[in-house]
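A short reminder: the numbers here are calculations on the coordinates, not readings from a lab. Keep in mind that this is a model prediction, so the values were computed, not measured. We place every Cβ from the backbone using ideal geometry, glycine too, and count neighbours over all the protein chains shown.
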Amino acid sequence: METDGQATAPGSALALILVREIGQALAAFAESGEPAAIDLRGLPMSDADREELLAWLGDGEIAATLAVAGRSEIRETRFTGVWWVRHFGTDDRIAAERIEIASVPDILIADMADVTAAAARFDDELAELSIPPSMEEAEHV
């Protein structure tokens, strides 16, 4: 939480413990590059704990919503490398919730098999357009 530009510690014991754990994981990530994750659904968090943690971590510059096997929300916190990741079920309830400490959350990294399939599909669709394969050939048309 913030008061007059100064961050103050969360009031709940669980939120404070999580803040410390996140800080340790972030310091380790900065030093070694080893990502970490904290499963929030496995903890006895109250709504107040969650709100305090959300408020303290704040909002960063990046937010994404995915629609793959349900809706997922990925949000960077005000601390670069600390991400709040939520996955929702079909009833729009939170099915999974994690704090990820990484350059980019795993769910945002393109699967190479999908990239390979996309490249093939791109080439197929490009071939159907009947356009020159290079800029040099386009200049001579």
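What the table shows:
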item	result
GNM top mover of 44, 105, 35 - the chain, alpha-carbon springs below 10 Å	44
Residue-by-residue Karplus 3J(HN,Hα) for the range 110-115, coefficients 6.51, -1.76, 1.60, Hz, glycine and proline x	5, 6, 5, 5, 5, 5
Residue among 19, 104, 68 with the largest mean-square fluctuation in a Gaussian network model of the chain, springs linking Cα atoms under 10 Å	68
Residue 13-residue 63 pseudo-label distance in nm [points 7 Å out on the Cα-to-Cβ vector]	3.3
Table column - 3J(HN,Hα) (Hz), the range 76-90, Karplus curve with 6.51, -1.76, 1.60, x for Gly and Pro	6, 8, 5, 9, 3, x, 10, 10, 9, 10, 10, 10, 10, x, 5
The chain - percent relative contact order, Cα under 8 Å, separation 6 or more	20
Top of 100, 128, 76 by mean-square fluctuation, Gaussian network on the chain, Cα under 10 Å	128
In order through the range 13-20: 3J(HN,Hα) via Karplus (6.51 cos²θ - 1.76 cosθ + 1.60), integer Hz, x for Gly, Pro	4, 5, 4, 5, 4, 5, 4, 5
Amide H within-cut-off set for residue 78, under 5 Å, with H built and near neighbours excluded	58, 59, 60
The range 2-103 - Debye-derived log10 I(q)/I(0), Cα point model, q = 0.14 Å⁻¹	-0.55
